[in-house]
Amino acid sequence: MKTRAALFHAPGAQLELCEIELEEPRAGDVLVRMAATGVCGSDLHLVRGEWTRPTPMVLGHEGAGVIEAVGDGVEGHAPGDRVLLSWAPSCGECLPCRTGRPVACAPLRAGVSAGTLPDGTTRMSADGRTVYRMTAIGALAERIVVPANAALPLPDDIELDHAALVGCAALTGVGAALHRAHITPGASVLVVGAGGVGQFCVQGARIAGAQRIVAADPLPGRREQALRLGATEAVDPAEVGTGEFDSALDAVGGSETFALAVKATRGGGTVVAVGMPAAGVRYELEPAQLTNEEKVLTGSLYGSEDPAVALPAVLDHVRHGRLDLAGALGPSFPLEQANEAVETALAGEPGRVLVTMAA
């Protein structure tokens, strides 16, 4: 079948809106008509040339839509079902899956690096050339085919454009706060970077009962947004003190932002690396920060939980007003304006930028 998609060719080049060939769903697959796709920081790593992936590639790995068709053997999904996308459909059989780390699934990670689905295929082409997928999804298209376990059920009471944020930003940020930082009621928390994921780290800290939540970001618009979403303070990174916080989450992934998180955490506190770093980034540490100060340094991938397990809890937080999706949204652009969407995200728009598709 044919579908329209925005193709990424190279850093600095405009995305190309064109018609591509998409294979019909195979056994175990679903065909999803996309409603909205978020522009994530990982997509921007490619646009800036900070990551290298095969091209041409369809960017986008968080989004929501409606199932149009299912492949043989698919149970629990049917045409007309509303779903959000998870970029981590695990195999359930490799060592990480068997030891409780499905987001680190070996075939999945290989597919992410190669620009394919976990089975090594892309199922997309243009003019006879293979078209690759961003983070095993490639959601910046009107229709996509994904494994059935990459399409998570979405209740009718959650709007599709709101749900687009859940598949990456919300599960990542809220999960890092709840499942990795282990924030306790009354704690003090620093979130470095108040972009899409950072804003959900802030909300996760609020849900966990933190008493003091400080968002550090150089952009005033993002600081203001963080305050609306639950931060008790929002400051420029230069204003962050030393040893003030029980926990710090680096939602950026830069060497300087991680160093700031480590510096700001008290002895015995926890530092969580959440943001995905650009290729070649290295973190520097003073040994005494581990020995004398006994700081706990850890990382969080996709919220440190199986997305299928984490999703019901996240949606429950939304329903009960504890998690604000609408307040984290930025402007929306139609697929025809995908380049404007990317440029807006690159400029530091406080809310999550969306690309929407016609019904």
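Laboratory data are not the source of any read-out in this text; all were calculated from the coordinates shown. All figures in this text were calculated on a predicted structure; none of them were measured in a lab. Virtual Cβ from ideal backbone geometry, glycine too; neighbours counted across all protein chains shown.
Given their separation in residues at 0.36 nm each and the Cα-Cα distance between them, ARG322 and ALA114 gain 71.1 nm when the chain is fully extended. With springs connecting C-alpha atoms under 10 Å apart, model the chain as a Gaussian network and identify which of GLU294, GLU340, GLU16 has the largest mean-square fluctuation. Sorting by GNM fluctuation, first place goes to GLU294. Taking a virtual spin label 7 Å from the Cα of ALA308 along the C-beta vector, which residues in the range 13-30 bring their backbone nitrogen under 17 Å of it? Under cut-off, by backbone N: 27-30. Placing R0 at 41 angstrom, the Cβ-Cβ distance between ASP156 and THR291 gives a FRET efficiency of 0.15 after rounding to 0.05. So what's the gap between the Cα centers of the range 81-101 and the range 12-33, to the nearest angstrom? A separation of 21 Å, based on Cα centres.
Taken about its Cα centre, the range 169-304 carries a charge dipole of about 380 debye when Lys and Arg each add +1 at the Cβ and Asp and Glu each add -1 at the Cβ.
Here the range 248-296 is treated with +1 on each Lys and Arg Cβ and -1 on each Asp and Glu Cβ, and its dipole about the Cα centre works out to around 80 debye. What you get for the chain, charging only the Cβ of Lys and Arg (+1) and of Asp and Glu (-1), is a dipole of about 460 debye around the Cα centre. Karplus-derived 3J(HN,Hα) values for the range 318-334, using 6.51 cos²θ - 1.76 cosθ + 1.60 with θ = phi - 60°, are 5, 4, 9, x, 7, 10, 9, 7, 4, x, 8, 7, x, x, 10, 10, x Hz; glycine and proline are entered as x. Relative to one another, the C-alpha centroids of the range 272-342 and the range 43-62 are positioned 18 Å apart. When Rg and Dmax are taken over the Cα atoms of the chain, they come to 19.6, 61 Å. Think of the range 1-114 as having a plus end and a minus end, set by charges on the Cβ of Lys, Arg, Asp and Glu; of MET1, GLY111, PRO79, GLY111 sits farthest toward the positive end of this dipole.
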